[in-house]
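Structure, as structure tokens:
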Amino acid sequence: MLVGLSGAFVTKITDDERISAEVSQQVSIAVESGIDFVSTDAIRTAAQEAGLDAATTDALVEDYQQAQLGSLKAGLLAAAFLALASLAFTRDLPHERPAGRTTDRARSGEVGSGTR
């Protein structure tokens, strides 16, 4: 998921006309070393500390938010697909409780006694 986040973020800032080529290149170099999920506030703070103007900072934050959402959606979709695909391997699991096994409730007389 983090690979998707970094790839999407770099693509978004490269394609964003509001972000200069110099800033885009610097962000791309910084992202090469790895990226973590951080808050958009942290992105905003880092951009401001780097001396970027307000418009460029806003563009970076917006692109990061969109990249975060895209990678989260992709990760959830992948997890859902894996869960769905795993159902094919559960087909041969027993559908009924094996004979001769009783639960603790059945042993204590709660099941089938008609009283509560």
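The values are calculated or read from the model by the stated rules, or taken from the named source; none is laboratory data. Everything numeric in this text was worked out from a predicted model, so none of it was measured. Quick reminder, even Gly has a Cβ in these numbers, built from the backbone with ideal geometry, and neighbours come from all protein chains shown.
Points worth noting:
- Qualifying position, being under 18 Å from Asp16 (Cβ atoms) and more than 21 Å from the chain's Cα centre (by Cα), among Leu60, Leu52: Leu52
- Applying the condition of being in contact with a Ser or Thr (Cβ under 9 Å, 6 or more places away or on another chain) and among the hydrophobic types (A, V, I, L, M, F, W, C) to the range 58-97 and asking which residue is modelled with the highest pLDDT yields Val61.
- Restricting the first member to the range 19-38 and to residues that are more than 16 Å from Gln68 (Cα to Cα) and in a loop (DSSP other than H, G, I, E, B), and the second to residues that are modelled with pLDDT of 70 or more and not β-branched (Val, Ile, Thr), the beta-carbon pairs closer than 6 Å and six or more apart or on different chains are Ile19/Ala59.
- Taking first residues from the range 60-72 that are outside any helix (DSSP H, G or I) and partners that are among the β-branched types (Val, Ile, Thr), no Cβ contact under 6 Å between residues at least 6 apart in sequence or on separate chains turns up.
- For the range 67-89, a residue qualifies if it is surrounded by 14 or more Cβ atoms within 10 Å (Cβ to Cβ) and within 15 Å of Val10 (Cα to Cα), and the qualifying residues are Ala67, Gln68, Gly70, Ser71.
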